[in-house]
Structures are given as C-alpha cells and as structure tokens.
C-alpha cells in the first residue's frame, strides 16, 4: 500500500513542499484532497468511494485520473510504500 | 445533495524564474467549430480523422492575394499549383476564381484538362515531361517551361514532328541572396546557361519564346529575394528585346510565398514572421515597374502561389486515442492523426487545439500519431491541456501538400469534406476502403486458392 511521505508539507492553498529535497509543487483542489487522504493512509477503494460520492465523476473515469496522478507522485518521489 | 463539479487532479513542480520565452502563460483556444459547423458534428457524420476545407477561406485568401498584386500591376495572372492540392473540387474553385493551372507531370496535366482548363491556360513545369506529354501540350497550345537542355531538344523534335510551334518559356535559376540557392531546376542565370538556352530557342522556327520563369525556393521569408529575381528576369527580357526585337509575353515568379505556419526550429511563430501578400507584391511589382523593359511591352506577371493560398483553408480533425505517461513522467497523447496524413509535420510545428472546452492544466506534452512507428510524432513538445480518450482535436493550416503527399500506410486515407459557401458540408473525396486498396493488387495464379 502506498502513502504520501510523512515529510511532505501540504498547505491549504495547494502548495506542496518536500523537505528532503527542497523541491516544491503546486496542486489543484482535487489533487490537494487526494494528497491529504494519501497522507492519512486512506486506502484506494475508500478514496474512490469518497471522491465519487462527493464529486460528479464516474468511478472508472476517476480511476484513470487517479492512476495518472499517482504516476506523477511517483515520478516526483513523493510516495512511499507502507508494507 | 447535488454533487460537486469534478476537476482532474494535477500536480506540477514549481520551477522559479523560468517563464516561457514571451513571459506569457500558455493558453490554447479550443476550436469548437469551423465556418459555423461544430467539429463534433463533422466527426460524428464523416468519421475521424477527417480533412476539412473551408471554401470561404479559400476564396477570400485568393482574393486578398489577387488584390495585393492587381492594385500594383495591371497584368497579373495566378496559376493554381496542382501539386499543392489537386483535389478536383479545390482546383475548380481556383479556376472559378480565374486561376489558370500550373502542373508538373502528365498526370497533373490530364487532371487540369479534366477540370475544364483550356490547354492554352495550362503552365507545364517540372523536369519530367515525356514525348507524349510534350506532344499533347504543344497541340493544346500550353505554355511549356523548359527545365533542361535535353527537354529542349525533345521539344524541338516533337514540335517538328507535329508540325506545330511550341510555346515555351525558359526556366531560370539564380542567386537571389537566399540560402540555399535552388539550382536544380532550369538553366543558371549567372553562368550564362540561361542566355545560351535563349540563343538556341530564338532562331528555332519550331519554338516561340513566350515567357521567362523562375522558382527561387520554398517558404521564402524575404520578399527582397523576389525583387532580385524579378530584376534578373527583366534584364534577360531587355537583352532579348535588344538582340532579337522580341517581346516576351510574361514573367513567371513561380511560387514559394510562406504561409503562417511555424517552421521547426523557428524562434517566433509564423503568424508573426510571415510576410503579407502586400510585402511580396510590393517587392515584385516594384522591381518590374522599375525595370528597363520597354513601356509598351510590359509582360504579364504570372504567379504559381500554392502554399500561401491554401494552407489556412485546410483543417485536419481527429480524436484522442489514449493518454500515456512516458518513462520520464512526461505526458503524451496518442491521436488518430499520423504523419502519414500530416506530411508537413516533418517541417512545421503545427497548431493543434482541443475541439472542446478543457481543464486549464497545461503540461509539456508529446503528441503521437496512431502508427506503429517511432517516427510518428505530430508535436514533439507542446504545452497542452489534458484531454480524455474520445475528445477531439483540430490541426489547422494544413491545406497545402498534405492531400497530395499523404501516404497510404497501415490504414486507409480518410474522407475530405468541403464546407461550401452556403455553410453546407459536402464530401469531396471518399475514404479509401479495403476494395480500393485491393483494386490494383494482382495475385499470381499459383497463389490463388483453388
């Protein structure tokens, strides 16, 4: 299972800071929500249920977007495995 | 409870102090309609990908070019460059506007005749004219532009055999100050070869020298080069007047005017750097009006403009097949338009836009075509918004060369539709089918199923 590295700082405006590398990132409101859930170790099924329950998006479409988002998080080295 | 509007999640690295080269944010306006017809409707009805030609743009650009020249010089004649786009409907629109035909092969010559162009309004260029082609052109009174001496001798022979006088012009290559200098077509001006050719033509009773022609290159960004070319042709005309008391009927400046597309490697977009028709007209007609050609015998000015007349009228509509992240995290987009349909993508950074309103999340993106070939890249790097599978895209300014240099490769070539002056969509070339593709194949007997 994956989660956001614990040293990653997220502000409510969508500013993301990696204290290990000094790199900073910008994310949009949905991205911010996902980062917070990943940091809180919420599992994938639960994230999907929560997002599709609140937003007007089909689960399969959300899955596509989420997969792409996770690829970028991995590319920026912001994720860690918890198992 | 009503659900909230969803926005695709995005995250991007912040790179301080690196704005784009203009200090502007990137924004691509979606192209949702062409001449009032929704892009989605065109694709729903005619498939994807599909080429679209706007008759309105085609005619208005032609009129703009014509106006630029005719307001500066009294005798101007455009000849539509068939190789730029020889769809019959397109050629006929230009002919309706008063354009003659400029062809470079027997195939194009026959096309012009089939399109109803009188033989004496066809300019026959190109290095490959067979004896049969020459015979037909001579009999029809077409204007034959001689490319090399072997062709000149062929022409003399064919004209003598036919018992008719061939109307010819000599094609001249020259140094106009641009690089690279095109010297593979015609006879050279500076080393005297062109003058030698004229001295062979003038005494020959089977030939009539009607004009002087040059084609200095393609995508010429410097109108001054045309002024140099015009002056040099005018000097030849004056020399012919002096030596032979013969007045040539026209000077033909060929094609080569740039379109507003952006060349690969160009720093500024073509829309900012492309000279206007007025710029070219001023250079050419200025040189002609200031030449020493006898006033009462000023030649007509022929122009074989192709690219600059038609590029803006052409669109290629397509559909997103997939989104993909490359190994380095870069976004890539696969669309159903490949380089086989967009030959000009090898030298242009084409304008490509979504056909629907999109989320404002631009990322450096590579846009690939659908071919199973590594070279199938439509845009290697473009700041582009995220699109979904099934979304549509519009590539604009593709009217020149793509519908003649297209390759039948891996799949069928698609339909071409015309949006006519009434705003109606009409098919002007059908999509290829399996039957089309098999029509010319011949299977030897021993390979046929018994």
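Which residues, taken from segment B:289-307, are free of Cβ contacts under 8 Å to residues at least 12 places away in the same chain and either in contact with a helix residue (DSSP H, G or I) (Cβ under 6 Å, 6 or more places away or on another chain) or closer than 9 Å to residue B:75 by Cα (or both)?
Correct list: empty.
From the set of residues in segment B:321-347 that are part of a strand (DSSP E or B) and modelled with pLDDT of 95 or more, which is nearest to residue B:407 (Cα to Cα)?
In the first step, residues of segment B:321-347 are kept if they are part of a strand (DSSP E or B); the result is B:321-325, B:331-335.
If we keep only those that are modelled with pLDDT of 95 or more as well, we get B:321-322, B:332-335.
Details: B:321: 21, B:322: 23, B:332: 24, B:333: 22, B:334: 19, B:335: 17 Å.
Ranking the qualifying residues of segment B:321-347, first place goes to B:335.
Taking the criterion of being modelled with pLDDT under 95 and away from every other protein chain (no Cβ under 14 Å), would at least one residue in segment B:61-73 satisfy it?
No, because not a single residue in segment B:61-73 is modelled with pLDDT under 95 and away from every other protein chain (no Cβ under 14 Å).
May I ask you to verify whether residue B:390 is at pLDDT 95 or above and in a loop (DSSP other than H, G, I, E, B)?
So residue B:390 fits the description; yes.
Please specify each residue of segment A:13-52 satisfying the condition of being more than 14 Å from the chain's Cα centre (by Cα), at the interface with chain B (Cβ under 8 Å from one of its Cβ atoms) and surrounded by fewer than 15 Cβ atoms within 10 Å (Cβ to Cβ).
Listed by number, the list holds a single entry, A:24.
Return only the number of the condition from (1) within 14 Å of another protein chain (Cβ to nearest Cβ); (2) on the phi < 0 side of the Ramachandran plot that residue B:310 does not satisfy.
With (1) within 14 Å of another protein chain (Cβ to nearest Cβ); (2) on the phi < 0 side of the Ramachandran plot applied to residue B:310, the lone miss is (1).
Tally time: how many residues in segment B:362-383 are within 14 Å of chain A (Cβ to nearest Cβ) and closer than 28 Å to residue B:35 by Cα?
Filtering segment B:362-383 down to residues within 14 Å of chain A (Cβ to nearest Cβ) leaves B:362-365.
Right, trim to closer than 28 Å to residue B:35 by Cα and you get B:362.
Adding up the residues that qualify gives 1.
I'm told residue B:316 meets every condition in (1) loosely packed, with under 15 Cβ neighbours inside 10 Å; (2) under 16 Å from the mean Cα position of the chain (by Cα) except one. Can you identify the failing condition by its number?
(1) is the only condition that residue B:316 fails.
Give the number of residues within segment B:60-81 that are in a helix (DSSP H, G or I), in contact (Cβ under 8 Å) with a residue 40 or more places away in the chain and touching a strand residue (DSSP E or B) at 6+ places or on another chain (Cβ under 9 Å).
Qualifying residue count for the region: 3.
Looking only at segment A:53-65, filter to residues that are touching a helix residue (DSSP H, G or I) at 6+ places or on another chain (Cβ under 8 Å) and more than 7 Å from every other protein chain (Cβ to nearest Cβ); which one of those is surrounded by the fewest Cβ atoms within 10 Å (Cβ to Cβ)?
For segment A:53-65, the residue satisfying everything is A:58.
Restricting to segment B:363-393, and then to whatever is touching a residue at least 40 places away in the same chain (Cβ under 8 Å) and closer than 25 Å to residue B:14 by Cβ, can you tell me which residue is surrounded by the fewest Cβ atoms within 10 Å (Cβ to Cβ)?
Filtering segment B:363-393 for residues touching a residue at least 40 places away in the same chain (Cβ under 8 Å) gives B:363, B:366, B:370, B:378, B:383-393.
If we keep only those that are closer than 25 Å to residue B:14 by Cβ too, we end up with B:363, B:366, B:383-387.
On the way: B:363: 16, B:366: 18, B:383: 13, B:384: 24, B:385: 23, B:386: 21, B:387: 20.
Applying the filter and picking the extreme gives B:383.
Does segment A:22-47 hold any residues that are out of contact with any helix residue (DSSP H, G or I) (no Cβ under 6 Å at 6 or more places or on another chain) and farther than 14 Å from residue A:10 by Cα, and which are they?
Here is the first cut: in segment A:22-47, the residues out of contact with any helix residue (DSSP H, G or I) (no Cβ under 6 Å at 6 or more places or on another chain) are A:22-36, A:38-46.
A:41, A:42, A:43, A:44, A:45, A:46 - these are the residues of segment A:22-47 that are out of contact with any helix residue (DSSP H, G or I) (no Cβ under 6 Å at 6 or more places or on another chain) and farther than 14 Å from residue A:10 by Cα.
Taking segment A:41-51, which residues are closer than 15 Å to residue A:6 by Cβ and at pLDDT below 90?
Hit for segment A:41-51 is A:41, nothing else.
Across segment A:53-75, which residue is farthest from residue B:4 (Cα to Cα) among those that are within 12 Å of the chain's Cα centre (by Cα) and in contact (Cβ under 8 Å) with a residue 12 or more places away in the chain?
Restricting to residues being within 12 Å of the chain's Cα centre (by Cα) and in contact (Cβ under 8 Å) with a residue 12 or more places away in the chain, the top hit is A:73.
Checking residue B:420 against (1) surrounded by fewer than 14 Cβ atoms within 10 Å (Cβ to Cβ); (2) touching a helix residue (DSSP H, G or I) at 6+ places or on another chain (Cβ under 7 Å), only one condition comes out false. Which one?
Looking at each condition in turn, residue B:420 falls short on (1).
Report, by residue number, each residue of segment B:27-59 that is touching a helix residue (DSSP H, G or I) at 6+ places or on another chain (Cβ under 9 Å) and part of a helix (DSSP H, G or I).
B:55, B:56, B:57, B:58, B:59
The values are calculated or read from the model by the stated rules, or taken from the named source; none is laboratory data. Just so it is clear, the model here is predicted, and its values are computed rather than measured. As a convention, Cβ positions derive from the backbone with ideal geometry for all residues, glycine included, and neighbour counts pool all protein chains shown.
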